[in-house]
Amino acid sequence: MIISAAVAIAEARRGRLGERVYSGRSRAIFERGYIAFKSSTWMVILSGFVEPVLYLFAFGYGLGELIGNIESNGLSIPYAAYIAPALLATSAMNGAIYDSTFNIYFKLKHDRIYHGMLATSLGPLDVALGEIGLALVRGFLYGVGFMAVVAPLGLIPSLWGILAIPAAVLIAFGFAAVGMALTTYMKSFQQLEIINIFLLPMFLFSGSFYPLSVFPEWLQFIIKALPLSQAIHLVRGLTLGQINIGLLGHISYFIVMIIIGLFFTTKRLNALFVK
Amino acid sequence: MSSPLITARGLTKKFDEFVAVDEINFDVARGESFGLLGPNGAGKSTTMRIIGATSQRTSGDLTILGIDPEKFGPQIRAHLGVVPQQDNLDMNLSVSENLYIYGRYFGLSRKFLKTKIEELLEFAQLEEKRNAKVESLSGGMKRRLTIARGLVSEPEILMLDEPTTGLDPQARHILWDRLFRLKEQGVTLVITTHFMDEAEQLCDRLVVMDKGKIMAEGSPVQLIKDYSTKEVLEIRFGSERNSEMADQLRGMCDRIEELPDRILLYSEDGEALLEKIYSAGLHPKTSLVRRSSLEDVFLRLTGRTLVD
């Protein structure tokens, strides 16, 4: 038997837990993401960063002039400070969903990138973790970028606000895990549009631009159960310094999303590739 | 003979009720160029995917380098270079980046890859294109890049699924030349093809597959010897008359095959047979004497042509 470098590397994993699905090299997927980012993906990421900033100026300052201050849990704050955390949460969601649905669908079905990856000594779990990791980096970049714009404008009244960045990563993780799991079930490109139909109304009605109290109670109840509403209230609680036990509830919500998403993604990738 | 690199016994793959691969047996020896010849849907690609540890067999035994690929997928795949039927190059990346990242998937070091990439670019005759995006490459270049990519891990076994399908004749010859070089270097090649000329050119030994079963096995020369005559006479009387004429020709030669557009007559001496047909007062519109090929072997074994 000829022992090439590649063989020696693969043999070193023998006997480890999960060796059939995981080779401990999700960083190679990361590296691919970085190379692709340098050449083309940066434009997509830039647009994802610009979008919430545009909303902030158009609504926060434009409309905000007419609205003046707004009451949030007994705190009187400028309208822009009210919507800024919602915009951050939404961009974390949008970035993660874009990465984990359209992007992954293309690599899966169109470019067949994963087929190439899984013909090497990588396993499906390497791919899933690497791709979701990329979505997290994106969530992190959005968080940092957005904070760099809104903090100097005085829209983050509390020091707790710094935690909005890890919160954005957590939100991205949750959406990416579930998004990727859903994508593995998609049969056509058109089916992905269903996700978009769901996202826009969620953005408009999840308490982004006005408190949920304007809705009848039964509707409030439904909206609160939706992930974006959970995300917005988590980030807003942090940026406004309204720390309470409810935030833990929001965090748990996303942890559950991550576990469910990862479970189904690995299961499906295995079924799709090792059939 | 040293122990074979790949051994399959009773290898079977079912998709629900459909039997894609039906209890096949074969061995692949080190350094040989082994072919799976058959029409589309014969089960060749499925067999390749099972060997490549990306598909699980339904039953039977398979060992690669003495190991079951199902139990040690990543380890087995480290020994294999895979060239799939459908190109799956990374469209977002350049030519050299494609080679680089593929090496990284195997965990190879940057330093190793730096020299390896140069070597592979030269092998694939793509030095000038190193920074080009994959999209801008021609079909032949993409295939060569895919083969080069499969070699990045210095595999012992290179698996090529329909390597020249869709390429023009010139691109095919360049590719065959590259594959010959690999063979000379001692790389074991496993090739599927539905082109008999490709199988004759590249394979030391092959199995003829149809409907998931192996119909025959041997070297191209041996298979032709066993299943066909030395020469073939192809004649045409025009589509309406072929069938009627075929009846008259029966008995004049060893074997006769009637195709929609022509009649094939199997004989040790094609020219002499043609003389005989003329002296019987029959005047085909066109005639051609050629040597028997694997196409004839396939026709004999299955009653069908390879490319339909």
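Where a number appears in this text, it was derived from the coordinates with a stated rule and is not lab data. Just so it is clear, the model here is predicted, and its values are computed rather than measured. Don't worry about glycine lacking a Cβ; one is built from the backbone with ideal geometry, like all the others, and counts go over all protein chains shown.
With a simple spin-label model that places each label point 7 Å from the Cα along the Cα-to-Cβ direction, the separation between A:Val256 and A:Leu272 comes to 2.6 nm.
Footprinting exposure proxy ranking of B:Thr54, B:Thr193, fewest other C-beta atoms within 10 angstrom first, gives B:Thr54, B:Thr193. Cα centroid distance between region B:84-128 and region A:42-70, in Å? Using only Cα atoms to place each centre, the spacing works out to 43 Å. Using alpha carbons only, how many degrees (0 to 90, rounded to 10) separate the axis of helix A:164-183 from the longest principal axis of chain A? Rounded to the nearest ten degrees, it is 50. Here the Karplus relation 6.51 cos²θ - 1.76 cosθ + 1.60, evaluated at θ = phi - 60°, turns the backbone of region B:32-47 into coupling constants of 8, 10, 10, x, 10, 9, x, x, 4, x, 7, x, 5, 5, 4, 4 Hz, with x for every Gly and Pro. The slack between B:Arg304 and B:Leu259, meaning 0.36 nm per residue of separation minus the straight C-alpha distance, is 15.3 nm.
Modelled label positions at A:Lys187 and A:Leu153, each set 7 Å beyond Cα in the direction of Cβ, lie 4.5 nm from each other.
Using helices alone, I'd like the mean residue ellipticity at 222 nm for chain B: each DSSP H run of four-plus residues gives -39500 (n - 2.57), total over residue count, nearest 500.
On the way: 11 runs with 108 residues, N = 308.
So the calculated ellipticity at 222 nm is -10000 deg cm²/dmol.
Rounded to the nearest 10 degrees, the inclination of helix B:110-123 to the longest alpha-carbon principal axis of chain B is 30 degrees. Modelled label positions at B:Asp204 and B:Arg110, each set 7 Å beyond Cα in the direction of Cβ, lie 4.0 nm from each other.
When B:Val152, A:Val235 are arranged by Cβ crowding within 10 Å, least crowded first, meaning fewest neighbours, the order is B:Val152, A:Val235.
Using helices alone, what [θ] at 222 nm do you get for chain A, with -39,500 (n - 2.57) per DSSP H run of 4 or more residues, divided over all residues and rounded to the nearest 500?
Working: 12 runs with 176 residues, N = 275.
Estimated from H runs of four or more residues: -21000 deg cm²/dmol.
Here the dipole of chain B is about 1020 debye; that uses its Cα centre as origin and unit charges on the Cβ of Lys and Arg (positive) and Asp and Glu (negative).
Given charges of +1 on the Cβ of Lys and Arg and -1 on the Cβ of Asp and Glu, with all other atoms neutral, how large is the dipole of region B:229-291 about its Cα centre, in debye to the nearest 20?
Details: 10 positive and 13 negative charges, 23 e Å.
The dipole magnitude comes to about 120 debye.
For B:Lys211, go through the lysines and keep the ones whose alpha-carbon is under 18 Å away, minus same-chain ones fewer than eight residues off. Here the lysines satisfying the reach criterion relative to B:Lys211 are B:Lys13, B:Lys14, B:Lys44.
The long axis of helix B:139-150 is offset from the longest Cα principal axis of chain B by roughly 50 degrees. Only Cα pairs within less than 10 Å get springs; with that Gaussian network setup on chain A, which residue of A:Phe106, A:Phe264, A:Phe173 has the largest fluctuation? Ranking A:Phe106, A:Phe264, A:Phe173 by mean-square fluctuation puts A:Phe106 first. Dipole of chain A computed with +1 at Lys/Arg Cβ and -1 at Asp/Glu Cβ about the Cα centre; of A:Gly130, A:Ser72, A:Phe140, farthest Cα towards the positive end is A:Gly130.
My understanding is that a pair violates if its Cα-Cα distance is over 27 Å; which of A:Lys107/A:Lys267; A:Lys38/B:Lys111; A:Lys38/B:Lys114; A:Lys109/A:Lys267 do that in this structure? Checking Cα-Cα distances, every pair stays at or under 27 Å.
Give the calculated FRET efficiency between B:Lys285 and A:Phe263 to the nearest 0.05, with a Förster radius of 51 Å applied to their Cβ-Cβ distance. Before the final figure, lay out each step's value.
On the way: r = 68 Å, r/R0 = 1.34.
E between B:Lys285 and A:Phe263, to the nearest 0.05, is 0.15.
Taking the Cα centre of the protein assembly as shown as origin, work out the dipole magnitude from +1 charges on Lys and Arg Cβ and -1 charges on Asp and Glu Cβ, in debye rounded to 20. Please list the in-between numbers first.
Working: 59 positive and 60 negative charges, 335 e Å.
Once rounded to the nearest 20, the dipole reads 1600 debye.
Given springs between every Cα pair under 10 Å in a Gaussian network model of chain B, which of B:Pro74, B:Pro39, B:Pro84 has the largest fluctuation? Ranking B:Pro74, B:Pro39, B:Pro84 by mean-square fluctuation puts B:Pro74 first.
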